[in-house]
Amino acid sequence: MPPSCALAGIYRRAPLALLLADARAAGELAPGVADTVGPLLGDPVAMGDAVAALRRYSLVTPDGDAVLVHRLVQAITLAQIPSDAAGQWQQAAAALIEAALPGDPREPSDWPAFAALLPHAQTALDLTSNGMWRIASYLGESGSYPAARDLFQLIADADTENDAKGAEHPGTLAARHNLARWTGAAGDAPGARDQFAALLPIRERILGAEHPGTLATRANLAEVTEQAGDAAGGRNQSAALLPIIERVLGAEHRDTLTTRADLAFCTGAAGDAAGARDQFAALLPIRERIQGAEHPETLRDRHELARWTGEAGDAAGARDQFAALLPIIERVLGAEHPGTLTTRGNLANWTGEAGDAAGAHDPVRRAAAHH
């Protein structure tokens, strides 16, 4: 049986089913390591036999598709590895983690795998690795905005100091873009605005004015301009950008749809709630067709359509839309994701605005319980 929660801190959980699932990782292993680990990759039976052997010596405790390893056992094992082999095993650990990480941090269905691999990635991966980038993106997409901001700060610093990259390498600029993005999501819109404003001319010079990375920075600058209190400025920036991004990327590209959503939101924030409602109503079926009905960005558009429906004067319509959305967003994003908590709060608000003050209390209590 796994240890109690009180003892869990002295164990490390190794998700072997994830780490040993991809046989292609064998090509990344040094010969000495490959002889030991290679036969286990992609072979659940061999992995089970290996776990059984380790369990006989009380070195691991099975825990579903993972094993628990006592930290003292880890320390003794590491101390016994010859110094000339230690680097090979460290490289092997990084290679297995890289191979196990899912490809798209925006997919909520992949978040459990990211969560299981997170502590191992933070221990084994280099800050300049692709895997660490995906970990940082997962943190942000799953709602841990300050953690994503802090990790992208470390990544941007490491890229800047890396001899193979440097301050103006496209990868470094992309890390700075994500640092600014999650700075805004973490609540510092003016700071994010200033970071994007400083980054934009560099991206224009290095990548070109119509490179997708440059356009993404322009789009995010418009968004945080509104969040920092200048709704009209954000609306004007998004309106100027939209025809360019449509021409360069196409009318149904994900970034084009996001720019349309930003324009719609800024339109509402600048005082035209009915205009925002109509823009989101036109955008939503396209988003559903291109990205799917339960993609997080589709759910955000549904949330905004409900919000601006209420702001345009239809409180009962907003209430009904939020009521239909809440169970979906809870299931897809999780009960404590910021998007879920915001949806609960909006359901309570529009329930009250629609004349049911008593009915508004229950979602408010549920939202407060998760803070």
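The values are calculated or read from the model by the stated rules, or taken from the named source; none is laboratory data. This structure is a prediction, so every number in the text was calculated from the model and none was measured. Backbone-built Cβ (ideal geometry, glycine too); neighbour counts: all protein chains shown.
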remark   = Taking region 201-218 and keeping residues touching a Leu at 6+ places or on another chain (Cβ under 6 Å) and of a type outside the set (K, R) leaves G213, T214, T217
Meets criteria (touching a Leu at 6+ places or on another chain (Cβ under 7 Å), surrounded by fewer than 17 Cβ atoms within 10 Å (Cβ to Cβ), among the hydrophobic types (A, V, I, L, M, F, W, C) and over 18 Å from I135 (Cβ atoms)) for A197 = yes
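Residue by residue, here is whether (1) aliphatic (A, V, I, L, M); (2) without any contact (Cβ under 8 Å) to a residue 24 or more places away in the chain; (3) over 23 Å from R149 (Cβ atoms) holds:
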position: A192; (1), (2), (3): yes, no, no
position: E210; (1), (2), (3): no, no, yes
position: L221; (1), (2), (3): yes, no, no
position: H253; (1), (2), (3): no, yes, yes
position: L257; (1), (2), (3): yes, no, yes
task = Hey, can you tell me all the residues within region 78-114 that are of a type in the set (D, E, K, R) and within 12 Å of the chain's Cα centre (by Cα)?
result = D104, R106, E107, D110
request  = Could you tell me which residue of region 257-275 is surrounded by the most Cβ atoms within 10 Å (Cβ to Cβ), considering only residues that are over 26 Å from D194 (Cβ atoms) and not charged (D, E, K, R)?
outcome  = L257
inquiry  = So, in region 285-310, how many residues would count as being over 18 Å from the mean Cα position of the chain (by Cα) and surrounded by fewer than 18 Cβ atoms within 10 Å (Cβ to Cβ)?
reply    = 6
ask   = Restricting to region 90-105, what's the tally of residues that are over 19 Å from A66 (Cα atoms) and surrounded by fewer than 18 Cβ atoms within 10 Å (Cβ to Cβ)?
value = 4
query = Can you name the condition, by its number, that G87 falls short on among (1) farther than 17 Å from A124 by Cα; (2) out of contact with any helix residue (DSSP H, G or I) (no Cβ under 8 Å at 6 or more places or on another chain)?
reply = (1)
inquiry  = Can you tell me which of (1) charged (D, E, K, R); (2) closer than 24 Å to L199 by Cα; (3) assigned to a helix (DSSP H, G or I) is the one E98 doesn't meet?
reply    = (2)
query = Within region 223-238, how many residues are of a type outside the set (S, T, N, Q) and closer than 24 Å to E288 by Cβ?
reply = 1
ask   = Only one of these conditions is not met by I328: (1) within 19 Å of N346 (Cα to Cα); (2) β-branched (V, I, T); (3) crowded, with 17+ Cβ neighbours inside 10 Å. Which number is it?
value = (3)
inquiry  = On the basis of being closer than 14 Å to A136 by Cα and of a type in the set (D, E, K, R), does R71 make the cut?
reply    = no
message = Which condition from (1) in contact with a helix residue (DSSP H, G or I) (Cβ under 9 Å, 6 or more places away or on another chain); (2) modelled with pLDDT of 90 or more; (3) not aromatic (F, W, Y) is the one that A53 breaks?
response = (1)
